[in-house]
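To keep things clear, I will list the structure first and then write my remarks on it.
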Amino acid sequence: MAGRWLRAARGMGGRRRRGWSEAPAFAAEQRATLVNVKLKWVKDRALDGAVSRERDLRAAHHLLDVVSARPGHRVSRPELLADSSVRRAFGGVDGVDAFLARYHTLFALRRGGGVSLTDAALNLRRREVDCLVESEPDLVSRLRRLLMLTLPRSLPLHTVDLLRWDLGLPRDYRASILRRYPDHFALDQPEGDERVWLRLLWWDDGLAVSELEKSTAGGGGGDTTCLPFPVSFTKGFGLRSKCINWLKEWQALPYTSPYADPSGLDRRTDVSEKRNVGVFHELLHLTVAKRTERRNVSNMRKLLGMPQKFTKVFERHPGIFYLSRVLGTQTVVLREAYGGGSLLLAKHAHPLATIREEYSAVMRAALPPRRRRSRESDSCSEQDEECVGGEEFELTE
């Protein structure tokens, strides 16, 4: 299979959508269909631990935003509870009170009912604000690249909101980031569409280079015709010889840049699937922690030019992606960014991710010793334990 594809590869991976270039003329060379193999899902405790450490962090960060925005970083309890977004996030008044009391290492309850930030929280908050200012050019670049991954070079604001935390966008990004870069971004509401869209105003060929391409020959313009993806498996995974052979052939197939026009690809082929994997590989690289919830991308099928059931690539390629099932959801993690551990490798560690880890550590310090040990041991629930030992997935559509 690989030999036939190699003959058709050149000119395939490097065609970018330069203001919407025509599709590469390689459709006639596509013959192979999706190979039917089965792989197991095996629990990865290290990556589950990476996801688990963010338990309650987003909710805490919401409160940090609200409190730190008030004069003196202090807010009265009635004023805090009057915020409808706070009540929704915590399920009412009792939920807010319980959360504030639980994480006393972040929030201080003052006499008279005031809520303020502890010294530790205030220090982290200041560092976070400084980090956002210093890394804003990187943030804008990643947001532009995200829009360049889409066929219409635009996304509904609702979808951007779902990815806001993962991208590291500030809560007020519409009023701050978007307004400061009117040459890059615009907000549109197409006729007959109730949604507001974030649109990229111009294409930048300099940004249309994937992280996988950059890693080839140090980004020095090496051959990107048939790039393989970094692959690693959970300890004890075990691959059958049929799966090993399929994976080797699949890795040798032509690599299509996620920024290239995919219209000439036959969606029923392994080459097309490799392009789909490349899109998500790039998308996860654009996130701060190199992971996102599966549901955050589930509504992007048409925008990314994907086939039906496109998120099946996460199960089909467990050596590239890991699907964590902790915290009551499914989180897609890019394996290579963690190097087999539960912390981001230094070369992938965004400064904001480091600060979030410190927030999580401060929050864990507020928990009783038993609960603290439970979180730090990366333990899993009984429901998670049911999947230990593997779960087979059908890999064809």
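The values are calculated or read from the model by the stated rules, or taken from the named source; none is laboratory data. Worth saying up front: this structure is predicted, and the values here are computed from it rather than measured. Quick reminder, even Gly has a Cβ in these numbers, built from the backbone with ideal geometry, and neighbours come from all protein chains shown. We work out accessible area using only protein heavy atoms, side chains counted, and drop any ligands, DNA or RNA first. Shrake-Rupley method; radii C 1.70, N 1.55, O 1.52, S 1.80 Å.
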Fill in the blank from the handout: On the formula 1/(1 + (r/R0)^6), with r taken between the Cβ atoms of L201 and Q330 and R0 of 25 Å, the FRET efficiency rounded to 0.05 is 0.15
Fill in the blank from the handout: If amide H atoms are modeled at 1.01 Å from N in the peptide plane, then the residues at a separation of 5 or more from Y255, or on another chain, having amide H under 5 Å from its own are C226, L227
Fill in the blank from the handout: Regression test value, accessible area per residue of the range 96-252, probe 1.4 Å, units Å², expected 50
Completion exercise
Probe 1.4 Å, all chains present, heavy atoms only: S215 accessible area in Å², nearest 10, is 80
Problem - Table column - 3J(HN,Hα) (Hz), the range 188-202, Karplus curve with 6.51, -1.76, 1.60, x for Gly and Pro - result: 10, 10, x, 4, x, 10, 6, 7, 9, 10, 9, 10, 7, 7, 8
Handout entry: For peptides 197-205, 271-279, 159-167, sequence by mean Cβ density within 10 Å, most packed first
Key = 271-279, 159-167, 197-205
Exercise for the section: Indicate the gyration tensor shape class of the range 120-233 (rounded, prolate or oblate), computed on the Cα atoms with a ≥ b ≥ c the square roots of the eigenvalues: a/c under 1.5 is rounded; otherwise a/b larger than b/c is prolate and the rest oblate. Expected result: oblate
Handout entry: Residues with amide H under 5 Å from that of A108, placed H, sequence gap 5 or more
Key = S116, L117, T118
Handout entry: Under 5 Å, built H, 5+ apart or other chain: amide partners of L39
Key = F393
Problem - In nm, spacing of pseudo-spin labels at S176 and D161 (7 Å Cα→C-beta vector) - result: 1.8
Exercise for the section: Just check the range 138-200 against the gyration tensor rule for me: Cα atoms, a ≥ b ≥ c as the square roots of the eigenvalues, rounded for a/c under 1.5, and otherwise prolate or oblate depending on whether a/b exceeds b/c. Expected result: rounded
Exercise for the section: Keeping all protein chains in position, work out how much accessible area H104 exposes to a 1.4 Å probe, and write it in Å² to the nearest 10. Expected result: 100
Practice task
Treating only the Cβ atoms of Lys and Arg (+1) and Asp and Glu (-1) as charged, compute the dipole magnitude of the range 92-224 about its Cα centre; round to the nearest 20 debye.
Solution key: 560
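Checking the a/c ratio against 1.5 first, then a/b against b/c, what shape does the Cα gyration tensor give for the range 112-163? List each step's numbers first, then the result.
Values: a/c = 5.86, a/b = 2.08, b/c = 2.82.
Oblate is the answer for the range 112-163, as a/c is 1.5 or above yet b/c matches or exceeds a/b.
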